[in-house]
Amino acid sequence: MKLGRHAFGDDEALMMAIVNRTPDSFFDKGATWAEDAAFARVAEVVAQGAEIVDIGGIKAAPGVEISAAEEKARVVDFVARVRDSYPGLVISVDTWRAEVGAAVCAAGADVLNDAWGGADPELVDVAAEYDAAIICTHTGGVTPRTRPYRIDYDDVVAAAIADTVAYASRALSAGVARESIVIDPAHDFGKNTFHSLEITRRLDEMVATGWPVLVSLSNKDFVGETLGREVGDRLLGTLAATSVCALAGARIYRVHQVPETRQTVDMVWSIAGRRPPLRAIRGLQ
């Protein structure tokens, strides 16, 4: 897998730490809205071992309209600052707009994380032009920054596979390198809780497509609704869902809590035989 200027082996599971440049993010409530606070968050997650930071300038939920110009003002210079300070870090930007994608790639971003399933068809052309990676998500065709309402699928997993693989094929045709294309079932996006649970249970079917799979499970509503937990009390449920996805073979984990997710994924990958223990002396000496 190649993410911009960075390459990773098939035996590596990657942590993508969330860094919000928004005043109204659902989890941290704007804690990293100020640039210096966001930069401190980058330093923290790098120290915790995150290989990727995912920088976003608009929260996914409905809210105040944010123009492309405002989105760029929130993220472009920040990307350049992070790139200058952390040359070995993979920088992802959560955007669906080609105009923003081009600006952040010029500033040093490696990945365009399109959470809205190709709403702007020119985003793949930007990724190709800048030799950037792209995350291809499934949203059921919902409009960006809207919540699903009574959305229905004959088979949500089949729909997620069909749409993400089609998006990946469009990216490939546009000139994005095959090793720089990742698919994401996009838990909660265009889905109700039953859909997200089924996606989790059957994630191995997405992995079987051969495209590397990213999952964004961290503190999502499907976890909260399943367990009856508010946003600040969803870590255990998140880690349970993470374990299932890790066993299925997901490669990238978009998270708020890096150390807890890293230990969970490493343990599951070791159980699955994909990762050796760091030390194995019990019964041997």
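Side notes on the structure shown:
- Cα radius of gyration and Dmax for the range 224-264 (Å): 10.4, 28
- Across the chain, C-alpha contacts under 8 Å between residues 6 or more apart give a mean separation that, scaled by the residue count, equals a relative contact order of 18 percent.
- Cα gyration tensor shape of the chain, rounded if a/c is under 1.5, else prolate or oblate by comparing a/b with b/c: rounded
- Segments 228-236, 87-95, 196-204 sorted - mean Cβ within 10 Å per residue, highest first: 87-95, 196-204, 228-236
- Look at Ile151, Ile58 and count the other Cβ atoms within 10 Å of each Cβ; fewest to most, that gives Ile151, Ile58.
- Span-like helix criteria (full DSSP H runs; alpha carbon extent of at least 15 Å along the helix axis; mean Kyte-Doolittle hydropathy of at least -1.0) are satisfied in the chain by 35-47, 68-85, 156-174, 235-248, 258-271.
- Cα-Cα P(r), the range 145-285, percent of pairs per 5 Å interval: 2, 10, 17, 20, 19, 14, 9, 5, 2, 1, 1, 0
- Of Lys2/Lys72; Lys59/Lys220; Lys29/Lys59; Lys191/Lys220, those spanning more than 18 Å from alpha-carbon to alpha-carbon: Lys2/Lys72
- Computed from the C-beta positions of Ala34 and Ala7 and an R0 of 30 Å, the FRET efficiency is 0.35 to the nearest 0.05.
- Relative contact order of the range 210-285, pairs being alpha-carbon contacts under 8 Å that are 6 or more residues apart, as %: 31
None of the figures in this text is laboratory data; all of them are computed from the coordinates on show. Note that the coordinates shown come from a computational prediction; the quantities given were computed from them, not determined experimentally. With ideal geometry, Cβ positions are generated from the backbone for all residues, glycine too; neighbour counts draw on all protein chains shown.
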